[in-house]
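Report on one structure; see the data block that follows.
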Protein chains: 2
Amino acid sequence: MKKIAILGSTGSIGTQTLEVVEQNKDIQVTALAAGGNVQLLEQQIRRFRPSLACMGDEEKAKDLRNRTADLNVRITAGMEGLLEVAREPQSEILVTAIVGMIGIRPTIAAIEAGKDIALANKETLVTGGHIIMPLAEERNVRILPVDSEHSAIFQCLNGENKREVHKILLTASGGPFRGWNREQLSKVQVEDALKHPNWAMGRKITIDSSTMVNKGLEVMEARWLFGVAMDQVQVVIQPQSVIHSMVEFEDGAVMAQLGVPDMKLPIQYALYYPERKYLPGERLDFTKLKSISFETPDREVFYGLELAYRAGRQGGSLPTVYNAANEYGVAKFLQKKIPYLAIVEMIESAMEHHKTVEQPGVEQILEAERETYEFLESRW
Amino acid sequence: MKKIAILGSTGSIGTQTLEVVEQNKDIQVTALAAGGNVQLLEQQIRRFRPSLACMGDEEKAKDLRNRTADLNVRITAGMEGLLEVAREPQSEILVTAIVGMIGIRPTIAAIEAGKDIALANKETLVTGGHIIMPLAEERNVRILPVDSEHSAIFQCLNGENKREVHKILLTASGGPFRGWNREQLSKVQVEDALKHPNWAMGRKITIDSSTMVNKGLEVMEARWLFGVAMDQVQVVIQPQSVIHSMVEFEDGAVMAQLGVPDMKLPIQYALYYPERKYLPGERLDFTKLKSISFETPDREVFYGLELAYRAGRQGGSLPTVYNAANEYGVAKFLQKKIPYLAIVEMIESAMEHHKTVEQPGVEQILEAERETYEFLESRW
């Protein structure tokens, strides 16, 4: 019996993780944490019977306690609760499907408690890769990527020697605005940006995918996960989303992972690694797949990607600023308070304004985030 | 210092193997064998200084002895010589780049002597897979495929569990007559068939590639190399020859190996496995590669492929008949004695005429080959 805990169980990755658990009979869910969806977390508790659960705040925790009074589950709240879920003594793997910087502390706590991490929280490595990766190595803990691109790269590296990696080819669908120019982008409305051609995802990540900021964050994550330099990660647009990413080795061989767009594959792969298990669902059919094409991203039009390389190369606290400014910008755009292109303009101005701190600790990372929000609030 | 012996050192794979040796400074060539090219073998001996060499017959061996009288090399001839090269005491790997059934005995001898096999001789597994694979397992010897497709599959299986393989997707360029109908094929001349769109290879294999008999032989090889059923191997036409083959696992993930068409990669990979080393040469450039396409082979027009599945499913001595009839047919076609489509007609009639022997020994395999030649000579 494999034992897992999930941070962010009511979100897109969280619910799909529980679908994977449901399809397999040998995973026990020991703890669940959700931000605000009391009703869904109650259902999940009834279905998966964890002994511990956590809500975003005490008020919601109280509500959940009342709803689950008939069950043998302890309900906690807030950061203390998240840390408890992360360290839940029985669990072997923590799935970090929570969104935002709030994921960093619990991830560190879980690593310190010796749990493997099924990583779906982007911010963890983007902002704290320099803390997380050495700590995981020290504690002999696996960081198992859940993102489809990073899982693909991880699969390509299976059985390979990381020192023989020449570069990582991170694929991108290019999003709904692939091939557009800045003039066209300037007119994008919220509704346009929420349409992703291949993947069904949350709102924030769908916007990030349309700006290619998502890809920028993934390049930064890849850099930490696979121990390469930023410029060893090349973004390749592959509009059909059939190739989920590739690795080129020293000898020129390129290994790729292909599949239908289904997050359950990388989720299951992370939970059972190195074992592969039968996964119900659609398969790639090469008798029907006519062709797959490749394009080079336009880093002038999709300037957020260019800025990610700058932030990643500089490192320190700058990737935190990149991420925080994007988070702020996307929120404002979704509230229809700023135009589409202002998201990336915000990132650039916040990066320019910031004085990079080298090797920031968690406090300094959170401070850089706060400063970025304050700067953008005062400025925009 | 890695020590290797090569059977067929003056052929296409043999000379490319020596190019790989030349590019690396840590491989010692202990023995070389060639069929008839005395001059080139002399050059190779002068360059690589093996202590043992073998020519196809005694007359040529004598010639070579005279030419290399100033060198410290012992020259042998014929099957006895091949067996000596195969068993050369110092060598760790035998590269079987020799063409034809003549490769079987030396391969068995090398396995029995505990040498790893860098396998480029198709006939070995097609006709004797049921002997070779259990023997290699018993002697704890590696069979390292040199063919680009099988090397790709081997690379896709790196770090994976073979029991989790769902199917193998063996790619094919489709050859120069892809998309043609039988009417068009009936007019093919030797010169047409010798033009391969992507790979520079020997004459026999270029014809085999045009009829897709080569792919049929590869499916049979794959079945033995990777321990799957014939019908778990699906041929996928990928005309640009960028994807060298793929494996689909139980969970739906497809791993693929991509690269430029260069045999030096699979050769070097086999020699250094599991290590990858820098290999000079062109790289896949995804900024220039526009697209890769997929087609399903037409097994009615390219009927040789259909016959391969039949021969492989039936097994026993039938794959030997398939291979021998093809060898005979291609030779006659290259001599312009039969039309193009008669190659595959010969295979079919020889297969129909043959009474399959289950689990044939080496003698019975060679006997089935002789019988096939005799049948075709008497009949055509």
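Numerical summary
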{"quantity": "For A:H353, inter-copy label distances in nm, listed shortest first [label point 7 Å out on the Cα-Cβ vector]", "calculated": "8.8"}
{"quantity": "Overall form of region A:21-80 per C-alpha gyration tensor (a/c, 1.5; a/b vs b/c)", "calculated": "prolate"}
{"quantity": "Inter-copy separations for B:N24, label at 7 Å along Cα-Cβ, nm, ascending", "calculated": "3.7"}
{"quantity": "Cβ-based net charge around A:I207, under 14 Å, with every Lys or Arg adding one and every Asp or Glu removing one", "calculated": "+4"}
{"quantity": "Pairwise label distance in nanometres, A:N66 with A:S51, each label 7 Å out on the Cα-Cβ vector", "calculated": "2.8"}
{"quantity": "Pairwise FRET efficiency - A:N24 versus A:E367, Cβ, R0 = 30 Å, nearest 0.05", "calculated": "0.10"}
{"quantity": "Charge dipole magnitude, Cβ of K and R +1, D and E -1 - region B:238-380, Cα centre, debye nearest 20", "calculated": "600"}
{"quantity": "Size of the A/B contact, given as accessible area buried on both chains, probe 1.4 Å, in Å²", "calculated": "3600"}
{"quantity": "Where rotation carries B onto A, the chain B residue whose Cβ is nearest that axis, in whole Å", "calculated": "B:G159, 1"}
{"quantity": "For A:D231, inter-copy label distances in nm, listed shortest first [label point 7 Å out on the Cα-Cβ vector]", "calculated": "5.4"}
{"quantity": "Estimated [θ] at 222 nm from DSSP helical runs (n ≥ 4, -39500 (n - 2.57)) normalised by residues in chain A, nearest 500", "calculated": "-14000 deg cm²/dmol"}
{"quantity": "Shielded by partner chains, region B:244-285 residues - at least 50 Å² of accessible area, 1.4 Å probe, vs chain alone", "calculated": "B:E250, B:D251, B:V254, B:M255, B:L258, B:R276, B:R283"}
{"quantity": "Apportionment of accessible area to carbon and sulfur, region A:254-380, percent (1.4 Å)", "calculated": "49"}
{"quantity": "Surface per residue (accessible, 1.4 Å probe) for region A:168-326, Å²", "calculated": "33"}
{"quantity": "Listed residue (A:A113, A:N37, A:N326) projecting farthest to the positive dipole end of chain A, Cβ model", "calculated": "A:N37"}
{"quantity": "Rg ratio (alpha-carbon, reference 2.2 N^0.38 Å) - the protein assembly as shown", "calculated": "1.10"}
{"quantity": "Distance between modelled label sites at B:S378 and B:K187, nm, 7 Å Cα→Cβ extension", "calculated": "3.8"}
{"quantity": "Where chymotrypsin sites (Phe, Trp or Tyr not before Pro) fall in DSSP loop in region B:134-243, at most 16 other Cβ within 10 Å", "calculated": "B:W199"}
{"quantity": "Members of A:K290/B:K290; A:K167/A:K290; B:K167/B:K215; A:K204/A:K336; A:K2/B:K167; A:K122/A:K264 lying beyond 20 Å, as alpha-carbon distances in this model show", "calculated": "A:K167/A:K290; A:K2/B:K167"}
{"quantity": "Surface share of carbon and sulfur [accessible, 1.4 angstrom probe, percent] for region A:20-108", "calculated": "47"}
{"quantity": "Shape of region A:49-106, Cα gyration tensor, a/c cut at 1.5", "calculated": "oblate"}
{"quantity": "Residue of B:A113, B:A222, B:A31 that the Gaussian network model of chain B assigns the largest fluctuation, springs spanning Cα pairs under 10 Å", "calculated": "B:A113"}
{"quantity": "Probe 1.4 Å, protein heavy atoms only - accessible area per residue of region B:1-114 in square angstrom", "calculated": "42"}
{"quantity": "Solvent-accessible area lost in complex, 30 Å² minimum, residues of region A:143-172 relative to chain alone, 1.4 Å", "calculated": "A:N158, A:G159, A:E160, A:E164"}
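The values are calculated or read from the model by the stated rules, or taken from the named source; none is laboratory data. Predicted, not measured: the structure shown is a model, and the values here were computed from it. Cβ atoms come from the backbone with ideal geometry, glycine included; neighbour counts cover every protein chain shown. For the accessible areas, the whole protein counts, side chains as well, though only heavy atoms, and no ligand, DNA or RNA atoms are used. Shrake-Rupley method; radii C 1.70, N 1.55, O 1.52, S 1.80 Å.
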